[in-house]
Amino acid sequence: MENFQIEVNGDGIALVTFDVPGRSMNTLTASVIREIGELAETIKSDAAIKGAVITSGKTTGFCAGADLGELGDTEGFGADLKAAFDTGFALNKAFRALETGGKPVAAAINGLAMGGGLEFTLACHYRVVADNPKIQLSLPEAKVGLLPGGGGTQRLTRLVGVMAAAPYLLEGKSMKPAEALGLKVVHEVVPADQVVEAAKTWVKTKGDPVAPWDRKDFKIPGGGPYSVSGSQVFIMGNAMLRKQTYGNYPAQLNIMKAVYEGLQVPFDAAIRIETRYFLKTLMSPQAKGMIRTLFLSLQELGKGSGRPAGVPHYDVKKVAVLGAGMMGAGIAYVQAMAGIETVLIDQTQEAADKGKGYAEGLVKKAVSRGKMTAEKGEAVLALIHPTADYAEVKGSDLVIEAVFENREVKAGVTKLAEAQLADTAVFGSNTSTLPITGLAKASVRPASFIGIHFFSPVDKMGLVELIMGEQTSQEALAKSIDYVLKIEKTPIVVNDSRGFYTSRCFGTFVQEGMELLSDGYAPTIIDNVGRATGMPRGPLEMHDDVALDLSYKIAQQTKKDLGDKYEERPFTAIIEKMVEGEGRYGRKNGKGFYDYPEKGPKTLWPGLADLAPVRIAEVDKAGIEEIRVRLLYRQAVEAARCFEEGVITDPREADVGAILGWGFAPWTGGPVSLIDGIGAARFVEACDALAQKHGARFAPPQLLRDMAAKGETFYGRFGVKEKAAA
Ligand code: NAD
């Protein structure tokens with residue numbers, strides 16, 4: 001075999017080492033799946049083998065599960081359903097053969113076991129895991145829109161009961177060895193160098209080759225679906241699932257179905273049920289989009305796939321952050337966590353110290369919760385030097401400017417910092433709205449001037465949007481990507497435009513919420529349907545979060561900049577009255593569309609009814625669908641415009657940026673995957689209808705019409721391969 005080495009000693013115990021050649025980590029490739037079947041057959045039929053211990057030959061872990069690259073490629077898959085079932089069932093069949101071969105098999109888990117990797121161990125009769133809290137045992141399939149298809153839905157539930165298994169199956173929650181022992185998912189936790197020995201001892205002394213569910217007296221912990229307690233779990237579970245997913249995620253629903261149906265039949269039938277639901281889920285557009293965006297593309301961008309070649313790696317060791325406000329303070333913290341020496345500058349020493357205080361607070365919390373050692377905490381804080389003196393910028397490899405959103409203030413600090421910089425250093429502005437090309441006018445080295453746009457809160461948000469000004473060099477871009485990767489965030493690269501890519505598209509969600517409000521829809525309907533689209537919150541709630549006065553100021557500025565081209569909308573007056581007349585700035589001052597009392601949940605502001613009278617207080621199913629489509633398509637059509645204008649050029653960046661940057665409904669795989677899934681022709685048709693009814697903001701750009709005529713997709717037309725060829 002290519003992936004497994006078998007060594008049988010005098011004691012008759014086969015030590016099986018799982019080691020996929022040429023890869024740093026074991027995954028369940030097609031060849032591995034085939035060989036697990038062969039392995040089961042060898043163990044069963046070789047008279048010299050009394051039992052087996054399976055361990056990994058990799059230092060990186062036991063097995064990371066399915067090869068999502070292989071799995072995600074479902075083009076043409078499913079045309080022949082019988083063949084698809086056989087392919088999908090191969091893993092279950094191989095695991096089951098191992099489990100029912102009549103000889104005891106123990107798993108010696110010496111590192112992480114995820115997805116199919118954990119399922120492999122669950123098909124063994126005994127599990128020993130190394131005592132290392134860093135080891136993760138999990139079934140993370142649901143996170144990328146999939147269903148554990150190697151027996152996980154059936155074995156985990158039969159081991160721990162439906163209720164206890166739910167968070168691991170439905171949310172992909174991972175367990176550490178101690179937790180797994182407590183749940184009885186594993187049998188022993190021993191020091192890392194003793195896993196194989198302990199597993200062997202079990203095989204030799206107790207070795208029982210029958211899984212619990214193959215015994216006559218087997219009972220599902222907590223009861224099966226038809227028991228009194230078991231049925232309760234499903235009734236509650238269905239309601240909770242609906243509340244959390246709004247029916248947008250087929251994976252979670254199919255997991256529930258596979259468990260419900262599978263627990264009522266013998267194990268061999270149960271795994272066939274699981275495979276059917278696995279395939280149904282795998283072939284859904286949601287799984288396709290989620291695997292591509294949330295796994296494959298995220299991984300590629302996380303390795304800097306958009307980085308211009310030919311520029312040597314730039315190791316950023318010292319960074320000056322200008323402005324120690326909300327953003328600057330957060331940026332200083334993530335930099336220090338990545339080991340970067342940080343000069344944190346503000347107008348006064350006091351303001352700079354206050355900025356460092358943010359990191360101090362986070363470190364204190366982490367240390368008190370045991371998530372960070374006191375030494376590490378001290379080392380992190382020692383890297384942040386708060387000051388009001390620009391002389392300290394000297395020696396910085398990079399500057400991040402995060403002062404007030406004001407051209408003059410930004411120009412002033414650009415000059416002060418640049419006076420201290422070496423020629424090789426990069427200057428990045430964290431502006432959220434001001435075009436980079438314009439800001440670069442204050443710079444004497446515009447080729448090294450770039451937009452480095454963070455998201456708030458900086459320590460939690462994984463995306464950084466890099467914005468190329470007209471003169472920004474490829475070298476500055478490459479260096480900025482190296483920096484973003486060093487602070488462990490995901491970069492996307494966009495070209496200069498009002499609102500760049502993320503703010504521009506996100507803004508349309510909030511604006512469409514306002515359009516709905518001025519159309520007379522009840523605010524509760526708008527936000528409820530908004531959440532049901534899969535967005536993290538409704539558009540009015542999100543508007544409160546980003547601040548109404550900010551959106552008001554941006555509108556004023558845009559009006560000034562665009563002059564006659566600015567289109568006044570009915571909702572502008574509502575915001576104007578709320579901000580200017582009522583001092584309602586959003587969540588930050590406790591007054592927006594909602595009132596935010598100190599204690600208790602937010603409530604709708606009663607005064608809103610006077611500014612935006614409710615004319616539509618009830619909607620039927622078709623009405624809900626119309627709102628849903630308006631909120632989602634409005635964002636997607638804006639993303640398409642960004643492609644047409646060259647603001648964004650890579651579908652992967654558009655999709656990853658949307659989900660990570662503004663929480664675009666993850667089940668879609670992103671706005672571009674959404675359009676590709678619907679098909680350009682159907683999407684254009686729908687947008688034309690929306691444009692006729694609601695206005696030109698829905699009008700599809702020419703690019704989409706061209707794509708519709710040619711039957712193209714974004715991933716086909718702008719895909720990575722095409723880019724390389726061009
Ligand atoms: P903030 O008001 O919290 O902080 C700005 C800081 O800059 C203040 O501490 C201020 O004292 C300091 N400052 C002003 N003039 C200065 C000068 N001449 N020298 C040194 N320091 C000076 O604002 P913020 O929310 O942190 O935003 C900062 C920048 O980041 C803005 O450009 C904003 O558009 C952008 N941004 C904000 C967000 C967000 O969610 N708040 C997100 C992305 C980008």
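The values are calculated or read from the model by the stated rules, or taken from the named source; none is laboratory data. The model shown is predicted, which means the values in this text are computed figures rather than measured ones. Here Cβ is always computed from backbone atoms with ideal geometry, including for glycine, and neighbour counts include all displayed protein chains.
Remarks
- Selection of the range 569-583 for residues being of a type in the set (G, A, S), exposed (fewer than 13 other Cβ atoms within 10 Å of the Cβ) and outside any loop (DSSP other than H, G, I, E, B) yields only G581.
- Set side by side, the residues G395, G370, G412 differ, and just one is near the ligand (Cβ under 10 Å from one of its atoms) and out of contact with any helix residue (DSSP H, G or I) (no Cβ under 6 Å at 6 or more places or on another chain), which is G412.
- Top-ranked residue in the range 448-465 [being more than 15 Å from the chain's Cα centre (by Cα) and among the small types (G, A, S); ranked as nearest to the ligand (Cβ to nearest atom)]: S456
- Selected residue (only one of K553, K559 is over 20 Å from G661 (Cβ atoms) and within 14 Å of the ligand (Cβ to nearest atom)): K553
- Selection of the range 234-249 for residues being surrounded by fewer than 22 Cβ atoms within 10 Å (Cβ to Cβ) and not small (G, A, S) yields F234, I235, M236, N238, M240, L241, R242, K243, Q244, T245, Y246, N248.
- Count of residues meeting criterion [buried (at least 18 other Cβ atoms within 10 Å of the Cβ), near the ligand (Cβ under 8 Å from one of its atoms) and of a type outside the set (G, A, S)] in the range 322-331: 2
- Criterion (outside any strand (DSSP E or B), surrounded by fewer than 17 Cβ atoms within 10 Å (Cβ to Cβ) and within 35 Å of the chain's Cα centre (by Cα)) met by exactly one of D193, D217, D208: D193
- Filtered residues of the range 428-440 (kept if within 14 Å of the ligand (Cβ to nearest atom) and over 12 Å from F404 (Cα atoms)): G428, P435, I436, G438, L439
- Strands (runs of 3 or more DSSP E) contained in the range 436-538 and holding at least 1 residues in contact (Cβ under 8 Å) with a residue 60 or more places away in the chain: 463-468, 490-495
Here is a yes/no grid of residues against (1) on the phi < 0 side of the Ramachandran plot; (2) modelled with pLDDT under 95; (3) of a type in the set (V, I, T):
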residue	(1), (2), (3)
Q557	yes, yes, no
G563	no, yes, no
F571	yes, yes, no
R584	yes, no, no
G590	no, no, no
Y596	yes, no, no
G600	no, yes, no
G607	yes, no, no
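- V684, sole failed condition from (1) within 20 Å of T508 (Cα to Cα); (2) crowded, with 18+ Cβ neighbours inside 10 Å; (3) touching a Phe, Trp or Tyr at 6+ places or on another chain (Cβ under 8 Å): (3)
- Residue ranges of helices (runs of 4 or more DSSP H) in the range 82-173 with at least 2 members crowded, with 22+ Cβ neighbours inside 10 Å and of a type in the set (K, R): 152-160
- Test result for Y314, of a type in the set (F, W, Y), within 12 Å of the ligand (Cβ to nearest atom), under 26 Å from S480 (Cα atoms) and in contact with a Phe, Trp or Tyr (Cβ under 9 Å, 6 or more places away or on another chain): no
- Checking each residue in the range 141-160 for being in contact (Cβ under 8 Å) with a residue 60 or more places away in the chain and not small (G, A, S) picks out E141, K143, V144, L146, L147, P148, T153, Q154, T157, R158, L159, V160.
- Residues of the range 382-410 satisfying the condition of being among the hydrophobic types (A, V, I, L, M, F, W, C) and either over 23 Å from V464 (Cα atoms) or surrounded by fewer than 16 Cβ atoms within 10 Å (Cβ to Cβ) (or both): A382, A388, A391, F404, V409
- Residue satisfying condition, being over 28 Å from the mean Cα position of the chain (by Cα) and among the small types (G, A, S), within set G563, G530: G563
- Checked against the criterion of being in contact with an Asp or Glu (Cβ under 8 Å, 6 or more places away or on another chain) and either closer than 26 Å to S432 by Cα or among the acidic types (D, E) (or both), the candidates I384, I345, I340, I400 yield just one match: I345.
- Of the residues making up the range 303-336, those that are within 20 Å of the chain's Cα centre (by Cα) and over 30 Å from K410 (Cα atoms) are K303, S305.
- Output for the range 337-355, where each listed residue is small (G, A, S), within 16 Å of the ligand (Cβ to nearest atom) and touching a helix residue (DSSP H, G or I) at 6+ places or on another chain (Cβ under 7 Å): G355
- Tally, over the range 373-386, of residues that are in contact (Cβ under 8 Å) with a residue 60 or more places away in the chain and away from the ligand (no atom under 14 Å from the Cβ): 0
- When the range 455-502 is limited to residues that are out of contact with any helix residue (DSSP H, G or I) (no Cβ under 8 Å at 6 or more places or on another chain) and among the polar types (S, T, N, Q), the one that is surrounded by the most Cβ atoms within 10 Å (Cβ to Cβ) turns out to be S480.
- Within the range 415-427, the set of residues being farther than 22 Å from R498 by Cβ and either of a type outside the set (G, A, S) or near the ligand (Cβ under 7 Å from one of its atoms) (or both) comprises K415, L416, E418, Q420, L421, D423, T424, V426.
- In the range 1-62, counting only strands (runs of 3 or more DSSP E) that sit wholly within it, the ones holding 3 or more residues that are touching a Gly at 6+ places or on another chain (Cβ under 8 Å) span 13-18.
- One residue from A166, A142, A178, A198 being within 21 Å of the chain's Cα centre (by Cα), farther than 22 Å from T27 by Cβ and of a type in the set (A, V, I, L, M): A166
- Exactly one residue out of V319, V334 is within 16 Å of the ligand (Cβ to nearest atom) and either touching a strand residue (DSSP E or B) at 6+ places or on another chain (Cβ under 7 Å) or not aliphatic (A, V, I, L, M) (or both), and it is V319.
- Pair list, Cβ < 8 Å and 6+ apart or interchain, from the range 387-412 residues that are on the phi > 0 side of the Ramachandran plot to residues that are surrounded by 14 or more Cβ atoms within 10 Å (Cβ to Cβ) and in a strand (DSSP E or B): G395/K318
- Looking across the range 19-57, the residues that are surrounded by 20 or more Cβ atoms within 10 Å (Cβ to Cβ), over 27 Å from the mean Cα position of the chain (by Cα) and of a type outside the set (V, I, T) come down to L39, A40, G51, A52, S56.
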